[in-house]
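The structure appears below as structure tokens.
The values are calculated or read from the model by the stated rules, or taken from the named source; none is laboratory data. Given the structure is predicted, the values throughout are model-derived calculations rather than measurements. All Cβ positions, glycine included, derive from the backbone under ideal geometry; neighbour counts span all protein chains shown. Accessible surface areas use protein heavy atoms only, side chains included; no ligands, DNA or RNA. Shrake-Rupley method; radii C 1.70, N 1.55, O 1.52, S 1.80 Å.
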Amino acid sequence: DVKVTQSSRYLVKRTGEKVFLECVQDMDHENMFWYRQDPGLGLRLIYFSYDVKMKEKGDIPEGYSVSREKKERFSLILESASTNQTSMYLCASSRIGDSYEQYFGPGTRLTVT
Amino acid sequence: LAKTTQPISMDSYEGQEVNITCSHNNIATNDYITWYQQFPSQGPRFIIQGYKTKVTNEVASLFIPADRKSSTLSLPRVSLSDTAVYYCLVGDGRNFGNEKLTFGTGTRLTIIP
């Protein structure tokens, strides 16, 4: 069974802290994605990566960076967390050439106080 | 990316067939229609994808008319466990550069006992 795992289900951080969200997939997928989901706004793409060390900005990259050092792992970094980054963060992966069939992780609910 | 319009919410009783329609008037020739399902506190799950006519799998059916300007997701004999948000997406995820998905806010389906 395909699997995307995220390092934490719930996370509470203070304003100004550096935050790392980790995502690992076991399907040997080339594409990996980070989204955030907020009530009334749906899912919004932050960054995606189509290969190791490659990244592309999504619709809302400001305040975030990403790292992909290994094919199976994609990290989202909040350099200096702010309260408006309180959200549900979802990671996904897909095969290259089939990005409309994405497999999602369970999500990390991040609260920044 | 083609814009989609779907109802914000729907209610249905257990055991009934539920049809959720999505409008996508500016769908492009190479675009596919994809539906995702999201349960509370979980990531979205791919459920079905089609290009034209009818597609059926173990979860749902997808009906696409000849002009492809709309599509209908059909859930047969729903149960309480089908309560979820359903997202309609339109695009061509096969080509590099087309990896972005736009989820919108989806249709919140509530099944009533």
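Data table
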read-out	value
Relative contact order, percent, chain B [alpha-carbon distance under 8 Å, six or more residues apart]	36
Theoretical FRET efficiency, 1/(1+(r/R0)^6), r = Cβ-Cβ of A:Glu72 and B:Arg45, R0 22 Å, to 0.05	0.60
Furthest towards positive pole of dipole, B:Gly50, A:Ser82, B:Ser23, structure part the protein assembly as shown, Cβ charges	A:Ser82
Dipole magnitude of the protein assembly as shown about its Cα centre (Cβ charges: Lys, Arg +1; Asp, Glu -1), debye to nearest 20	340
Per-residue average of Cβ from other chains inside 10 Å of A:39-51	3
Heavy atoms of B:Thr56 accessible to a 1.4 Å probe, total area in Å² rounded to 10	90
Area of B:Met10 that stays accessible when all protein chains are in place (1.4 Å probe, Å², to 10)	50
Within chain B: Cβ-based charge dipole about Cα centre, in debye rounded to nearest 20 (Lys, Arg +1; Asp, Glu -1)	260
Anisotropy class of the range A:1-79 from Cα gyration tensor, a/c 1.5 cut	rounded
For chain A, size of Cβ-based charge dipole, Lys and Arg +1, Asp and Glu -1, in debye	400
Accessible area per residue in Å² at 1.4 Å probe, computed on chain A	47
Accessible surface, 1.4 Å probe, highest first, among residues B:Ser12, A:Ser80, A:Ser67	A:Ser80, A:Ser67, B:Ser12
Rounded accessible area of A:Ile96 (nearest 10 Å², 1.4 Å probe)	90
Residue pairs, from the table A:Lys53/B:Lys100; A:Lys71/B:Lys3; B:Lys3/B:Lys54; A:Lys53/B:Lys69; A:Lys53/B:Lys52, whose Cα atoms sit over 30 Å apart	A:Lys71/B:Lys3; A:Lys53/B:Lys69; A:Lys53/B:Lys52
Heavy-atom accessible area ranking, 1.4 Å probe, most first, across A:Arg14, A:Arg73	A:Arg14, A:Arg73
Among A:Phe20, A:Thr5, A:Ser67 - extreme Cα towards positive end, dipole of the range A:4-94, charges at beta-carbon	A:Phe20
Low-density loop cleavage sites - chymotrypsin sites (Phe, Trp or Tyr not before Pro) in the range A:5-113, where at most 12 other Cβ are within 10 Å (DSSP)	none
